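Since the structure comes first, as structure tokens, the remarks are kept for the end.
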Amino acid sequence: VLVNSDEITVIGSLKRMTSSFEKSVKLAQRRADAWANKEPGGQLAYAIEETGAGARILADLVKSGALFDRVLPAAVNSPLLFSHTVSLYARAAELEQYVPEFVPIIERHLPSIEPHLEEILDQWEKIEPHLGYIIKNIDQLAPHCGPLVKHIDELLLYADEDEVHSRYFPELLEYIGYFAPRLDNLVAKKHLTYLRPHLPKITPHIMQLAPNVDRFTPYPSVSANADVLVWYFGWALQTPIIRTIVQIWFRIPGVPMFCSWLATHLPKRPVRGQCAGIECFTDDDFPTVSLRRGLKTKAAQTVYLWRRLKAEGGGLWNKWRGGWRRR
């Protein structure tokens, strides 16, 4: 059976539209439920606020001429945009103040952003505090917004607002096109979490390290101990002739595994001082979490066996208890 490529495109578009609309409705429902929990009649207040904000946004766009001159012509290139109407309505009050800044972004990047608009609106509380930085660098970020939004929790570790650390993130911005397609693998191995404490030491060497990311992805211990490796071998990455040799050496099979072994066996006290015994852990890797869960499991098993003994032991249990009391 031959299937027309146009039919496949139409079916795919319909599936995307249906999925987007369902997500929009769920987002609006969650928002309405949250308002309902705040006060009696909260859902009505929510509807009034969002409707008012939506009306003001449309009025301002019409008044400025941006609706017909800039927004609608850009929307022609994203015909599925209307499937996000409900979610846009659900966030209208929060989006209202940013609409003037969003108009030029819609003109330039709507086709890149629209497929991921539901995820963006769903994660809005996490994104909004960093919106100024995002808008400023939207030309670099928009083409990769899909993987960036998907892994926003890990990436926010690199979005410090502290004046001392925030300077490191712009240095990584020019590599966003290289790292974005690799985020799934990097996050799965927890590299982003492990690397964050060592970012100040890694950043000066990022140009030499970036081309070797794929080779080192299977070895998260390299990221967890990046400060140790840089302390011992960072000089080689900055020496013109030697760094060329190092780049060739990185391409030899088995070298990433050897570096992983070095990362865990080199003396750490010269690097970390009194913190030499501290290791990086996340989630279930953390020993206290694993120990606590193990103890809970053992305790539950003990209680279960104790109750079963009382229930099925019958006379043996009563005899033992009576004998113990006579003693």
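The values are calculated or read from the model by the stated rules, or taken from the named source; none is laboratory data. Computed from a predicted model, the values in this text were never measured in an experiment. Don't worry about glycine lacking a Cβ; one is built from the backbone with ideal geometry, like all the others, and counts go over all protein chains shown. The protein model used for the area step is the full one, side chains on, heavy atoms only, and it has no ligands, DNA or RNA in it. Shrake-Rupley method; radii C 1.70, N 1.55, O 1.52, S 1.80 Å.
Considering only region 182-193, I want to know if a residue exists there that is more than 23 Å from Pro143 (Cβ to Cβ) and assigned to a helix (DSSP H, G or I). Yes - at least one qualifying residue is present in region 182-193.
Here the condition is being open to solvent by 50 Å² or more (accessible area, probe 1.4 Å), modelled with pLDDT under 90 and among the aromatic types (Phe, Trp, Tyr); of Tyr133, Tyr158, it holds for Tyr133 alone. When you look at Leu141, is it open to solvent by 40 Å² or more (accessible area, probe 1.4 Å), of a type outside the set (Val, Ile, Thr) and out of contact with any Cys (no Cβ under 6 Å at 6 or more places or on another chain), yes or no? Taking the combined requirement at face value, the residue does not satisfy it. Considering the conditions (1) touching a Lys or Arg at 6+ places or on another chain (Cβ under 7 Å); (2) closer than 20 Å to Val149 by Cα, Glu96 is excluded by exactly one of them, (2).
Among residues of region 120-136 that are in contact (Cβ under 8 Å) with a residue 24 or more places away in the chain and among the β-branched types (Val, Ile, Thr), those with a beta-carbon under 6 Å from a residue that is open to solvent by less than 80 Å² (accessible area, probe 1.4 Å) and in a helix (DSSP H, G or I) at least six positions away or on a different chain give the pairs Ile120/Val149. For region 221-274, a residue qualifies if it is among the charged types (D, E, K, R), surrounded by fewer than 14 Cβ atoms within 10 Å (Cβ to Cβ) and closer than 22 Å to Pro200 by Cα, and exactly one does: Arg269. Residues that are under 25 Å from the mean Cα position of the chain (by Cα) and not in a helix (DSSP H, G or I): does region 101-110 have at least one? Among the residues of region 101-110, not one is under 25 Å from the mean Cα position of the chain (by Cα) and not in a helix (DSSP H, G or I), which makes the answer no.
Reported count of residues in region 18-44, each being within 19 Å of Glu94 (Cβ to Cβ) and assigned to a loop (DSSP other than H, G, I, E, B), is 1.
Selection of region 55-74 for residues being among the small types (Gly, Ala, Ser) and under 19 Å from Ala90 (Cβ atoms) yields only Ala55. Within region 206-218, residues that are outside any helix (DSSP H, G or I) reach partners that are hydrophobic (A, V, I, L, M, F, W, C) and open to solvent by 50 Å² or more (accessible area, probe 1.4 Å) with beta carbons closer than 9 Å, at six or more positions or on different chains, in the pairs Thr217/Ala188; Pro218/Met257. Taking the stated definitions as given, is Glu114 assigned to a helix (DSSP H, G or I), surrounded by 15 or more Cβ atoms within 10 Å (Cβ to Cβ) and without any contact (Cβ under 8 Å) to a residue 40 or more places away in the chain? In short, yes. Restricting attention to region 197-218, the residues that are under 22 Å from Arg269 (Cα atoms) and surrounded by 18 or more Cβ atoms within 10 Å (Cβ to Cβ) add up to 3. Give region 45-90 a look and list any residue that's part of a loop (DSSP other than H, G, I, E, B) and modelled with pLDDT under 90, or say none. If the condition is that a residue be part of a loop (DSSP other than H, G, I, E, B) and modelled with pLDDT under 90, then Val76, Asn77, Ser78 are the ones that fit. Could you check, for region 162-169, whether at least one of its residues is part of a helix (DSSP H, G or I) and either open to solvent by less than 70 Å² (accessible area, probe 1.4 Å) or within 23 Å of Lys201 (Cβ to Cβ) (or both)? The answer is yes; a qualifying residue exists.
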